[in-house]
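S.K.: Once you've had a glance at the structure underneath, I'll fire off some questions.
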Amino acid sequence: GESVGLHLPTLSVQEGDNSIINCAYSNSASDYFIWYKQESGKGPQFIIDIRSNMDKRQGQRVTVLLNKTVKHLSLQIAATQPGDSAVYFCAESSPETSYDKVIFGPGTSLSVIP
Amino acid sequence: SQTIHQWPATLVQPVGSPLSLECTVEGTSNPNLYWYRQAAGRGLQLLFYSVGIGQISSEVPQNLSASRPQDRQFILSSKKLLLSDSGFYLCAWSVGPGGMVFFGQGTRLTVV
């Protein structure tokens, strides 16, 4: 479900290191997942998506891993840069609602230490 | 290309006053439209979504309502604001089922 009442978990990484942001989802019927990046005072922006027929998808410096067995999603950012500092959200949708309903996870705040 | 417009960017309203936030999408037809709210330092809560004109799905019972009078227009309203309505309101759209969601720049509402 939505954990909107919780404060955001935080992750601090050194510039140049790899970051791993995790997300657990609860609806086993969800089969489309998206990662978003939200910078302060702005709306979230699309990073990468993955469908359940895949367990890994790579983009530019980012990789999303999907483990349907344990309902877990992760976003890996390679060679983290100061500009990667932001809040990261995973989102899920399912055929149960014709993919019309898009639910976001609680988010993780990533801080990059120069 | 598609664009989403949401206004105003910031709003300060007294308790008990009405609210109307407007969102319009350009460059697409029959989009899914969404209203989310984000409290300070917290996650995104889905408030309403719409798959067509006049079709509104409400996710959380609260002091707010939504309307979609035109295909690409989505309005968030309240008759009487509460202090707890303060937050960052985000309008979003998607091309349809299974599509990625695109967000507007948000409205920061402070109820005083």
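S.K.: Quick check: is even one residue across the range B:64-73 open to solvent by 40 Å² or more (accessible area, probe 1.4 Å) and among the aliphatic types (A, V, I, L, M)?
M.R.: No, that holds for no residue.
S.K.: Within the range A:65-76, is even one residue within 20 Å of residue A:15 (Cβ to Cβ), aliphatic (A, V, I, L, M), open to solvent by 40 Å² or more (accessible area, probe 1.4 Å) and more than 11 Å from the chain's Cα centre (by Cα)? Full working, then the answer.
M.R.: Of the range A:65-76, the ones within 20 Å of residue A:15 (Cβ to Cβ) are A:75-76.
Next cut, aliphatic (A, V, I, L, M) only: A:75.
Cutting the leftovers down to open to solvent by 40 Å² or more (accessible area, probe 1.4 Å) gives us none.
Among the residues of the range A:65-76, not one is within 20 Å of residue A:15 (Cβ to Cβ), aliphatic (A, V, I, L, M), open to solvent by 40 Å² or more (accessible area, probe 1.4 Å) and more than 11 Å from the chain's Cα centre (by Cα), which makes the answer no.
S.K.: Quick one: in the range A:59-91, which of the residues that are closer than 18 Å to residue A:46 by Cα and hydroxyl-bearing (Ser, Thr, Tyr) is farthest from the other protein chains (Cβ to nearest Cβ)?
M.R.: The residue in question is A:80.
S.K.: Continuing with this model, one more query. Could you check residue A:80 against (1) farther than 27 Å from residue B:51 by Cα; (2) at pLDDT below 95; (3) not hydrophobic (A, V, I, L, M, F, W, C) and say which number it fails?
M.R.: (2)
S.K.: Among A:94, A:109, A:52, which is farther than 28 Å from residue B:104 by Cβ, polar (S, T, N, Q), open to solvent by less than 40 Å² (accessible area, probe 1.4 Å) and within 14 Å of another protein chain (Cβ to nearest Cβ)? If you could, list the steps in order and put the result at the bottom.
M.R.: Numbers: A:94 fails: farther than 28 Å from residue B:104 by Cβ; A:109 fails: farther than 28 Å from residue B:104 by Cβ.
Result: A:52 is the single residue among A:94, A:109, A:52 that is farther than 28 Å from residue B:104 by Cβ, polar (S, T, N, Q), open to solvent by less than 40 Å² (accessible area, probe 1.4 Å) and within 14 Å of another protein chain (Cβ to nearest Cβ).
S.K.: A further question on this structure: Name every residue in the range B:79-110 that is outside any loop (DSSP other than H, G, I, E, B), open to solvent by 10 Å² or more (accessible area, probe 1.4 Å) and either out of contact with any strand residue (DSSP E or B) (no Cβ under 8 Å at 6 or more places or on another chain) or more than 11 Å from chain A (Cβ to nearest Cβ) (or both), in order of residue number.
M.R.: B:83, B:84, B:110, listed by residue number.
S.K.: Another one. Let me spell it out: the conditions are (1) open to solvent by 70 Å² or more (accessible area, probe 1.4 Å); (2) within 23 Å of residue A:99 (Cα to Cα), and residue A:42 meets all of them except one. Which number is the exception?
M.R.: (2)
S.K.: Given the conditions (1) more than 10 Å from chain B (Cβ to nearest Cβ); (2) at pLDDT below 95, and given that residue A:2 satisfies all but one, which numbered condition is not satisfied?
M.R.: (1)
S.K.: I'd like the full set of residues that are within 22 Å of residue A:99 (Cβ to Cβ) and either of a type outside the set (A, V, I, L, M, F, W, C) or out of contact with any Phe, Trp or Tyr (no Cβ under 6 Å at 6 or more places or on another chain) (or both), limited to the range A:47-62. Explain how you work it out, then say what you get.
M.R.: Narrowing the range A:47-62 to residues within 22 Å of residue A:99 (Cβ to Cβ): A:47-57, A:59.
Within the range A:47-62, A:49, A:51, A:52, A:53, A:54, A:55, A:56, A:57, A:59 qualify.
S.K.: Another one. Inside the range A:83-101, can you point out the residues that are without any contact (Cβ under 8 Å) to a residue 12 or more places away in the chain and β-branched (Val, Ile, Thr)?
M.R.: Passing the criteria: only A:97.
S.K.: Is there any pair linking a residue in the range B:42-57 that is at the interface with chain A (Cβ under 7 Å from one of its Cβ atoms) to one that is outside any loop (DSSP other than H, G, I, E, B) and charged (D, E, K, R), with Cβ under 6 Å and at least six apart or on different chains, and which?
M.R.: Every condition considered, the pairs that remain are B:45/B:37.
S.K.: Here are some conditions: (1) more than 28 Å from residue B:23 (Cβ to Cβ); (2) in a helix (DSSP H, G or I); (3) not aromatic (Phe, Trp, Tyr). Residue A:66 meets all but one. Which one does it not meet?
M.R.: In the conditions (1) more than 28 Å from residue B:23 (Cβ to Cβ); (2) in a helix (DSSP H, G or I); (3) not aromatic (Phe, Trp, Tyr), residue A:66 misses (2) alone.
S.K.: Considering only residues of the range B:44-63 that are part of a loop (DSSP other than H, G, I, E, B) and in contact with an Asp or Glu (Cβ under 7 Å, 6 or more places away or on another chain), which is nearest to residue A:38 (Cα to Cα)?
M.R.: Filtering the range B:44-63 for residues part of a loop (DSSP other than H, G, I, E, B) gives B:53-54, B:59-63.
Among the residues that remain, those that are also in contact with an Asp or Glu (Cβ under 7 Å, 6 or more places away or on another chain) are: B:53, B:63.
Working: B:53: 29, B:63: 26 Å.
Only one residue tops the list, namely B:63.
S.K.: Of the residues that make up the range B:23-40, is at least one under 19 Å from residue B:13 (Cα atoms), open to solvent by 10 Å² or more (accessible area, probe 1.4 Å) and away from every other protein chain (no Cβ under 14 Å)?
M.R.: No, because not a single residue in the range B:23-40 is under 19 Å from residue B:13 (Cα atoms), open to solvent by 10 Å² or more (accessible area, probe 1.4 Å) and away from every other protein chain (no Cβ under 14 Å).
The values are calculated or read from the model by the stated rules, or taken from the named source; none is laboratory data. If you're wondering where the values come from, they're calculated on a predicted model, not measured in any experiment. Cβ sites come from the backbone with ideal geometry, for glycine too, and all protein chains shown count toward neighbours. Ligands, DNA and RNA are excluded from the accessible area calculation, which covers all protein heavy atoms including side chains. Shrake-Rupley method; radii C 1.70, N 1.55, O 1.52, S 1.80 Å.
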